[in-house]
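Working notes for the structure below.
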Amino acid sequence: MNFSQVMDALTHASGFELYRLRAAIDRELDDPKRILDIRKLLRIGQRIDYFDPRENRACPGIILELRPKTVLIARVDVKQQWILHYASINLNGADTAIQEKVSQGLSRQAVAVGDIVGFHDREHQQRHGVVVRLNDKTVTLIADNQRWRVAYALLHRIVEGDATTIQGEVIQKR
């Protein structure tokens with residue numbers, strides 16, 4: 001079963017089934033043997049990528065301290081320190097994008113901090129901006145030097161060519 005099949009199964013699970021699954025996953029993540037297997041591959045000063053669920057993306061860090069159940073890292077891009085669970089470290093370079101099918105707009109799992117997305121404002125003008133925060137029901141983004149809060153269902157992907165005006169000339173076919 002691949003990751004997208006697992007995500008599809010999760011969307012059809014009941015709340016109780018999800019809660020039981022979370023309890024089982026937490027037990028596995030806290031297994032001392034699993035933690036020790038990960039710790040053996042790490043050293044202080046090592047550059048790593050870890051998955052940040054708040055930003056829904058991989059973030060760079062440097063290991064500062066290996067603790068019994070957690071690891072202290074310095075996040076490279078924002079000069080902050082974080083205590084992480086060992087399992088959040090992406091040792092194998094796995095794809096961290098969590099994509100799911102949505103009938104309209106984008107889902108919370110399909111958007112990450114730093115993404116460029118578009119939406120139509122209340123005057124039906126097309127706007128696009130950079131995601132700066134993921135909220136439960138909305139995205140906070142900066143568009144046209146203004147801070148906007150937009151529902152996920154109103155967002156759409158911006159193709160690179162849509163984000164800026166392309167200069168050039170028309171070439172006529174013969």
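Read-outs: derived from the displayed coordinates by stated rules, not from any lab. Not measured: the values here are computed from a predicted model. Counting neighbours? That spans all protein chains shown, and the Cβs are built from the backbone with ideal geometry, glycine included.
Annotation note: trypsin sites (Lys or Arg not before Pro) in the range 109-141 located in DSSP loop regions with a Cβ neighbour count of at most 10 within 10 Å are 122, 137.
Shown in residue order for the range 69-78 are the 3J(HN,Hα) couplings computed by the Karplus curve 6.51 cos²θ - 1.76 cosθ + 1.60 at θ = phi - 60°: 10, 9, 10, 9, 10, 9, 6, 6, 6, 10 Hz (x for Gly and Pro).
The coefficient of translational diffusion for the range 27-72, derived via Stokes-Einstein from the alpha carbon Kirkwood radius under 25 °C and 0.890 mPa s, stands at 211 µm²/s. Put simply, the amide H of residue 106, placed in the peptide plane, has neighbours under 5 Å in 153, 154, 155, leaving out anything fewer than 5 places away on its chain. Taking only Cα atoms of the range 108-160, what ratio of Rg to Rh do you get with Rh as the Kirkwood inverse-distance radius? Using only Cα positions, Rg/Rh for the range 108-160 is 0.91. The range 3-88 has equivalent-ellipsoid semi-axes of 27, 17, 10 Å, by the square roots of 5 times the alpha carbon gyration tensor eigenvalues, sorted largest first.
When exposed loop sites are taken as GluC sites (Glu not before Pro) in a DSSP loop with at most 11 other Cβ atoms within 10 Å, the longest stretch of the chain clear of them is 1-122. Dividing the alpha-carbon radius of gyration of the chain by the rule-of-thumb value 2.2 N^0.38 Å gives 1.30. Straight-line reach from residue 40: taking Cα to Cα under 18 Å and skipping same-chain neighbours fewer than 8 places apart, the aspartates and glutamates in range are 28, 30, 31, 49, 65.
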